[in-house]
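In what follows, a single structure is set out as structure tokens and then discussed.
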Amino acid sequence: MKKIITMFIASVFAFSCSQGVVDKDKAKEQQAPAAESAQPADPHAGNMNADPHAGMDAPKERKVNVPKEVADKYKSLILEVKNTADNSTVQADVLIGQKAEVQGTPFTVEVEYYMPDFVIEADGTITTRSAEEKNPVAKIKVYKMGEAFFDGWLFKNHPTEHGNFNDPSYSITIVKSQTK
């Protein structure tokens, strides 16, 4: 009986030790196609100071397509910056494609793109289904005391999801858009 138990334990040990062992040539063959079909960068990127991909190759940027009707319709975004420590808020009107200082905060905000009805197409292109505000999203860059601090997306309808701006003392949300 001891032999059977010993053989069972030895076989379980040998089996568990073999898990994760991969033939290096086969692994290279399997990784090559996967690298070619890798998905582009996540548009929900978050705080630049907390990089979950540290030490890895930088992900590719997704293609962004702002239709002419959207570019012609929207002029700026009203963003609200809330100081969570003292519960005060300040609003900033930021022209799309421009930077603006947010008074009373250490931030300068740049609105790169505005998608009133955000969608990611099958080929990975970020665009908008229409010029109507059904799922408003803005691609922004935030600079804190002149240093790049955040490069990502703000979702108006989901302000706490998708890796939105995250700072222990401040939050940024989209209040509304301004048309031309």
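The values are calculated or read from the model by the stated rules, or taken from the named source; none is laboratory data. What you see is a predicted model; the values in this text were computed from it and never measured. Note that we place each Cβ from the backbone using ideal geometry, even for glycine, and neighbour counts take in every protein chain shown.
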Original post:
Among the residues of segment 145-159, how many are out of contact with any Lys or Arg (no Cβ under 6 Å at 6 or more places or on another chain), assigned to a strand (DSSP E or B) and under 16 Å from L79 (Cα atoms)?
Top reply: 4
Original post:
Which members of segment 119-136 meet the condition of being under 11 Å from V64 (Cβ atoms) and surrounded by 17 or more Cβ atoms within 10 Å (Cβ to Cβ)?
Top reply: I126, T127, T128
**OP:** Might you check whether a residue that is under 16 Å from the mean Cα position of the chain (by Cα), closer than 17 Å to K82 by Cα, assigned to a strand (DSSP E or B) and not polar (S, T, N, Q) occurs anywhere in segment 131-140?
**Re:** yes
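Looking only at segment 49-86, filter to residues that are at pLDDT below 90 and assigned by TED's automatic domain parsing to the domain that holds V102; which one of those is nearest to the chain's Cα centre (by Cα)? Give the steps one after another, and end with the answer.
The first filter runs over segment 49-86 and keeps only residues at pLDDT below 90, leaving 49-62, 84-85.
If we keep only those that are assigned by TED's automatic domain parsing to the domain that holds V102 as well, we get 84-85.
Values: T84: 22, A85: 25 Å.
That would be T84.
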**OP:** Say whether the condition of being under 17 Å from L79 (Cα atoms), among the hydrophobic types (A, V, I, L, M, F, W, C), touching a residue at least 40 places away in the same chain (Cβ under 8 Å) and in a loop (DSSP other than H, G, I, E, B) is met by at least one residue in segment 160-177.
**Re:** yes
Original post:
Can you name every residue in segment 68-84 that is farther than 25 Å from F150 by Cα and surrounded by 14 or more Cβ atoms within 10 Å (Cβ to Cβ)?
Top reply: K73
Subject >> Residue identified as modelled with pLDDT under 95 and assigned by TED's automatic domain parsing to the domain that holds P136 among Q98, Q103 >> reply: Q103
